[in-house]
């Protein structure tokens, strides 16, 4: 198993990785087939367009209502959980969250951790943080387990190993699981992974999970899953630690019901997932099952930056279904690893700049055709194309320009030369006399047109003014300009 963290790639690496992915015919074929399948599954689950739009309206309202009251709901959730015996911790950064979890593990003498699926822990690179400090951290979600032993990051937020073929998984299991023979039989591969993981649940000192939603009024953590590993991770070990992005809270338990309906149908095309786990406390007196100690880590990690800006706040409505990725013409051709971030695809392009800064993710908002498919299928109506345009603006804004809510890395793609060109262009086109002079000069000095024109000529022939302008041609025909 790899012990080297797979850090986020630099902006320059994104383009190189995207080109490499486009040259990988097997990867493109695999993703195209998987995305077609997922799109068809989702379509089957929403046969009534009126019902779908009504449910999307409700989901959007629930998320916006919660975000409008986010600070007070988080305090209410902390109070409810604290009264039930849950230890609540606040982490401003990923590093602080890692330190909190390591402190809990060290205090209990833990050496083995079993994890249910948690995208927040992927943000933190928790596995590597604990591993570097002598604590084994094993993923129990089958997809996460596969990419962990492969030394990779998930390539999809719902189906982490979607880029792997049966043959590749068979070779991984043969190499990493003792007494395992190579096979491409899916049922046998699942049983092999299940047997390996079952032992780990019993041996783990701590179980770690994510949180899909949290209800402030009842102090309830809601976990959605299909494999049962989440239920085992949260109930078998003596200590349970849940990690939750601060945006996952809603006002009432009943508000989670429509969100769960949208989540399961949008993510995997299921009418309902196999398991809904509702957790509100550690094991109570007289109960035989469950952890004796329970913690919740509330993770910020850049989310308050998005929250502070009213238009960017819609980013936090996301319920992590992955539908935008499944319908994105860019993601379906390059896969998740090209992005180099925890959240790839359209949702990654709008949330990663807040988690990592625009200086580390400046190329991501531009990796879009702005076709609008992501916004059309988002179950909670996040205006992803609009947010992409806004982030492009912030990346190209002057670094020292004063704005109400500056983003970390503002001006990451700012070019003084480009700024001067646009100033000249806008000036020439806003004044009739300047425009006529520019037109006259462009037609007569066309031979001086540069052959390299910034990003335009990367994939297109250079722009060159015509020998005669339209105004000149009209004038020759006796028609006014």
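Of everything in segment 95-104, what is touching a residue at least 60 places away in the same chain (Cβ under 8 Å) and surrounded by fewer than 22 Cβ atoms within 10 Å (Cβ to Cβ)? Give them in sequence order. Walk me through how you get there before you give the answer.
We begin by selecting, within segment 95-104, every residue touching a residue at least 60 places away in the same chain (Cβ under 8 Å); these are 97, 100-101, 104.
Those that are touching a residue at least 60 places away in the same chain (Cβ under 8 Å) and surrounded by fewer than 22 Cβ atoms within 10 Å (Cβ to Cβ): 100, 104.
Those residues that are surrounded by 20 or more Cβ atoms within 10 Å (Cβ to Cβ) and assigned to a helix (DSSP H, G or I), I need them from segment 160-172; list them, please.
Within segment 160-172, 169, 170, 172 qualify.
Can you pull out every residue in segment 397-420 that is in a loop (DSSP other than H, G, I, E, B) and exposed (fewer than 13 other Cβ atoms within 10 Å of the Cβ)?
398, 399, 400, 401, 402, 403, 404, 415
State the number of residues belonging to segment 105-119 that are closer than 22 Å to residue 356 by Cα and surrounded by fewer than 23 Cβ atoms within 10 Å (Cβ to Cβ). Please lay out each step first, then the result.
Applying the first criterion (closer than 22 Å to residue 356 by Cα) to segment 105-119 yields 117-119.
Remaining after also requiring surrounded by fewer than 23 Cβ atoms within 10 Å (Cβ to Cβ): 119.
Residues that pass the stated criteria total 1.
Tell me which residues, restricted to segment 189-205, are touching a helix residue (DSSP H, G or I) at 6+ places or on another chain (Cβ under 9 Å) and surrounded by 14 or more Cβ atoms within 10 Å (Cβ to Cβ).
Within segment 189-205, 189, 192, 193, 194, 196, 197, 201, 204, 205 qualify.
Got a sec? Which of 157, 135, 208 is buried (at least 24 other Cβ atoms within 10 Å of the Cβ) and within 30 Å of residue 247 (Cα to Cα)? So that I can check it myself, show each step before the final result.
Details: 157 fails: buried (at least 24 other Cβ atoms within 10 Å of the Cβ); 135 fails: buried (at least 24 other Cβ atoms within 10 Å of the Cβ).
Only one candidate qualifies: 208.
If I ask for residues that are touching a residue at least 12 places away in the same chain (Cβ under 8 Å) and over 20 Å from the mean Cα position of the chain (by Cα), which ones from segment 375-414 would you list?
Hits for segment 375-414 are 396, 397, 398, 399, 404, 405, 410, 411, 412, 413, 414.
Got a number for residues in segment 324-362 being more than 21 Å from residue 37 (Cβ to Cβ), under 12 Å from the mean Cα position of the chain (by Cα) and assigned to a loop (DSSP other than H, G, I, E, B)?
Qualifying residue count, segment 324-362: 5.
So that you can scan it fast, the table gives a plain yes or no per residue for (1) touching a helix residue (DSSP H, G or I) at 6+ places or on another chain (Cβ under 7 Å); (2) surrounded by fewer than 24 Cβ atoms within 10 Å (Cβ to Cβ); (3) within 27 Å of residue 43 (Cβ to Cβ):
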| position | (1), (2), (3) |
| --- | --- |
| 231 | no, yes, no |
| 236 | yes, yes, no |
| 240 | yes, no, no |
| 284 | no, yes, no |
| 290 | yes, yes, no |
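Just one of 312, 299 is closer than 24 Å to residue 229 by Cβ and buried (at least 21 other Cβ atoms within 10 Å of the Cβ); which is it?
Step by step, each of 312, 299 is checked, and only 299 is closer than 24 Å to residue 229 by Cβ and buried (at least 21 other Cβ atoms within 10 Å of the Cβ).
Hey, can you tell me all the residues within segment 366-392 that are modelled with pLDDT under 95 and not in a loop (DSSP other than H, G, I, E, B)?
The one that is modelled with pLDDT under 95 and not in a loop (DSSP other than H, G, I, E, B): 366.
Residue 467 versus (1) in contact with a helix residue (DSSP H, G or I) (Cβ under 8 Å, 6 or more places away or on another chain); (2) loosely packed, with under 11 Cβ neighbours inside 10 Å; (3) within 30 Å of residue 349 (Cα to Cα): which is the lone unmet condition?
With respect to (1) in contact with a helix residue (DSSP H, G or I) (Cβ under 8 Å, 6 or more places away or on another chain); (2) loosely packed, with under 11 Cβ neighbours inside 10 Å; (3) within 30 Å of residue 349 (Cα to Cα), residue 467 is out only on (3).
Could you check segment 425-451 and list, in sequence order, the residues that are closer than 14 Å to residue 467 by Cβ and either assigned to a helix (DSSP H, G or I) or within 46 Å of the chain's Cα centre (by Cα) (or both)?
Hits for segment 425-451 are 439, 440, 441, 442, 443, 444, 446, 447, 448, 449.
Could we say that residue 306 is buried (at least 22 other Cβ atoms within 10 Å of the Cβ) and either within 21 Å of residue 207 (Cα to Cα) or touching a helix residue (DSSP H, G or I) at 6+ places or on another chain (Cβ under 8 Å) (or both) here?
yes
The values are calculated or read from the model by the stated rules, or taken from the named source; none is laboratory data. Just so we're clear, the structure is a prediction, and the values are computed from it rather than from any experiment. Every residue, glycine among them, receives a Cβ derived from its backbone with ideal geometry; neighbour counts consider all protein chains shown.
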